[in-house]
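*Asks:* Mind having a look at this structure? Questions to follow.
The values are calculated or read from the model by the stated rules, or taken from the named source; none is laboratory data. Owing to the predicted nature of the structure, the values given are computational and were not obtained by experimental measurement. Every residue, glycine as well, gets a Cβ built from its backbone with ideal geometry; the counts of neighbours run over all protein chains shown.
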Amino acid sequence: MISALVRFLLAVGMAAALAPAAMAQAKVKVRTHEYPGSIVHLNNWVMVAKGFCDKHGLICEPVPLPSGPLAQSAAAAGSVDLIVSSADVMMQAVANGNDLMILGTQLTNNVYGMAVRTDLLQTGAKFPDNLKALKGKTIGVSARGSATEMYAKALLSEAGIAADQVSFVAVGVPATAYAAIAAKQVDAALTWDPVPAICSATKVCQMAVDMRKGEGPPAMLAMNGGFVVWQARREYVEKNSATIDAFLRALAEATAWLKDPKNFPEALEIVKKNIKLGDLPEREKVFEAITREGISQYGSTFDRKAIKGFNDFLIANKLIGKPLDPERIVYKNAP
């Protein structure tokens, strides 16, 4: 009987010892697309650093991919689970047969802005008049034929400038876009964070229009409410809804943590670990500015009305042939 009791106690002890390992094995790995070194992912860095992924039974593994279309291809190949881009990029892919679904919001409003060399801007002029000086100039976009070129053309048209009245040049990501402006290789660039903060610190450029702040034509403002979105292929969604729901809960909690002012100093340190600014003047002020501006852009609720705005804009620009149905392309549990 004593021997049986000993065996029982040993079994209980082994079970207790193995429990943490079993719990660890129960966690689900989710591979998430990340634009390398982009402030877009501050809340995703917080999800890991502050344990929100762990809390919800996830191992969040970032997969660096520099563009939305490349991420779409990686998702189709099964090398990444969840991807992120502006909804217009995603909707064009859907129209072309890539069966993606919107899961939830990363950034609420349009992230782009037109940075213009300070010496070209007319003092006191407002959009769209402040873009008229760009007629005959060279405009930087991330890549030819990209979403940034599409938005640049739309903004310029508001100032009465046709696409053939400027020259478009590929300048890549924000860091190289700013460098091109500073070197006067381009006169302006349609770009995104951290360029607005860098322009403010260096005075080399100014934001002639900042769509993060609700500036720009009505057709673009109609896309606010769910501009940058998380997505997955339908086959992944159908097999992994519990994982997606856990991810969205962790995302919402990380966003709420960022929105709490008392967490700003820690959020700033997380940004500094993930973004390199080099030897910029006013470097600390730039870090503070991009962190505050980044936090202000996050949202946890996807406004389905934004789909109509995207449909209208994409159809007007002949990028899709017919409207996409929100019921078809938005995940049923999207917050």
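*Asks:* Would it be correct to say that Lys262 is out of contact with any His (no Cβ under 8 Å at 6 or more places or on another chain), part of a helix (DSSP H, G or I), of a type in the set (D, E, K, R) and not assigned by TED's automatic domain parsing to the domain that holds Arg212?
*Replies:* yes
*Asks:* Would you kindly identify the helices (runs of 4 or more DSSP H) lying entirely within the range 52-136 that contain at least 1 residues that are closer than 25 Å to Ala306 by Cα?
*Replies:* 68-77, 87-95
*Asks:* Considering only residues of the range 196-234 that are within 15 Å of the chain's Cα centre (by Cα) and of a type in the set (Gly, Ala, Ser), which is surrounded by the fewest Cβ atoms within 10 Å (Cβ to Cβ)?
*Replies:* Gly225
*Asks:* Kindly establish whether Ile39 is among the aliphatic types (A, V, I, L, M), surrounded by 10 or more Cβ atoms within 10 Å (Cβ to Cβ), modelled with pLDDT under 95 and within 26 Å of the chain's Cα centre (by Cα).
*Replies:* Yes: the conditions hold for Ile39.
*Asks:* Among the residues of the range 297-334, how many are assigned to a helix (DSSP H, G or I), over 15 Å from Leu103 (Cα atoms) and β-branched (Val, Ile, Thr)?
*Replies:* Result for the range 297-334: 1.
*Asks:* Show the residue pairs that are 6+ apart or on different chains and have beta-carbon atoms under 6 Å apart, the first residue being within the range 305-319 and closer than 20 Å to Gly104 by Cα, the second being in a helix (DSSP H, G or I).
*Replies:* Every condition considered, the pairs that remain are Ile307/Pro326; Phe310/Ala87; Phe310/Asp88; Phe310/Met91.
*Asks:* Right, next: Across the range 153-178, what is the number of residues that are touching a residue at least 12 places away in the same chain (Cβ under 8 Å) and hydroxyl-bearing (Ser, Thr, Tyr)?
*Replies:* Residues that pass the stated criteria total 2.
*Asks:* I'd like the residue in the range 158-180 that is under 26 Å from the mean Cα position of the chain (by Cα) and hydroxyl-bearing (Ser, Thr, Tyr) and, out of all such residues, is surrounded by the fewest Cβ atoms within 10 Å (Cβ to Cβ).
*Replies:* Out of the qualifying residues, it is Thr176.
*Asks:* Right, something else. Of the numbered conditions (1) buried (at least 18 other Cβ atoms within 10 Å of the Cβ); (2) at pLDDT 95 or above, Asn263 satisfies every one except a single condition; which is it?
*Replies:* That leaves (1) as the condition not met.
*Asks:* Inside the range 64-74, can you point out the residues that are more than 18 Å from Ala49 (Cβ to Cβ) and surrounded by fewer than 24 Cβ atoms within 10 Å (Cβ to Cβ)?
*Replies:* Within the range 64-74, Leu65, Pro66, Ser67, Gly68, Pro69, Leu70, Ser73, Ala74 qualify.
*Asks:* Could you say which residue among Ala250, Ala334 is at pLDDT 90 or above, outside the structural domain of Gln92 (by TED's automatic domain parsing), hydrophobic (A, V, I, L, M, F, W, C) and more than 30 Å from Ala201 (Cβ to Cβ)?
*Replies:* Selected residue: Ala334, the only one of Ala250, Ala334 that is at pLDDT 90 or above, outside the structural domain of Gln92 (by TED's automatic domain parsing), hydrophobic (A, V, I, L, M, F, W, C) and more than 30 Å from Ala201 (Cβ to Cβ).
*Asks:* So, one more: When you look at Ile59, is it out of contact with any His (no Cβ under 8 Å at 6 or more places or on another chain) and at pLDDT 80 or above, yes or no?
*Replies:* On the way: out of contact with any His (no Cβ under 8 Å at 6 or more places or on another chain): yes; at pLDDT 80 or above: yes.
Against the criterion (out of contact with any His (no Cβ under 8 Å at 6 or more places or on another chain) and at pLDDT 80 or above), Ile59 qualifies.
*Asks:* Determine, yes or no, whether Asp279 is outside any helix (DSSP H, G or I), within 20 Å of Gly216 (Cβ to Cβ) and not basic (Lys, Arg).
*Replies:* So Asp279 fails the test.
*Asks:* Continuing with the same structure: Go through the residues of the range 77-86 one by one and say whether even a single one is surrounded by fewer than 21 Cβ atoms within 10 Å (Cβ to Cβ), out of contact with any Lys or Arg (no Cβ under 6 Å at 6 or more places or on another chain), of a type outside the set (A, V, I, L, M, F, W, C) and in the same structural domain as Ser296 (by TED's automatic domain parsing).
*Replies:* yes
*Asks:* Then there is this: Name the single residue, out of those in the range 181-195 being touching a residue at least 60 places away in the same chain (Cβ under 8 Å) and in contact with a Ser or Thr (Cβ under 6 Å, 6 or more places away or on another chain), that is surrounded by the most Cβ atoms within 10 Å (Cβ to Cβ).
*Replies:* Going through the qualifying residues, I end up with Leu190.
*Asks:* Tally time: how many residues in the range 116-134 are more than 18 Å from Pro217 (Cβ to Cβ) and crowded, with 20+ Cβ neighbours inside 10 Å?
*Replies:* Residues in the range 116-134 being more than 18 Å from Pro217 (Cβ to Cβ) and crowded, with 20+ Cβ neighbours inside 10 Å: 2 in total.
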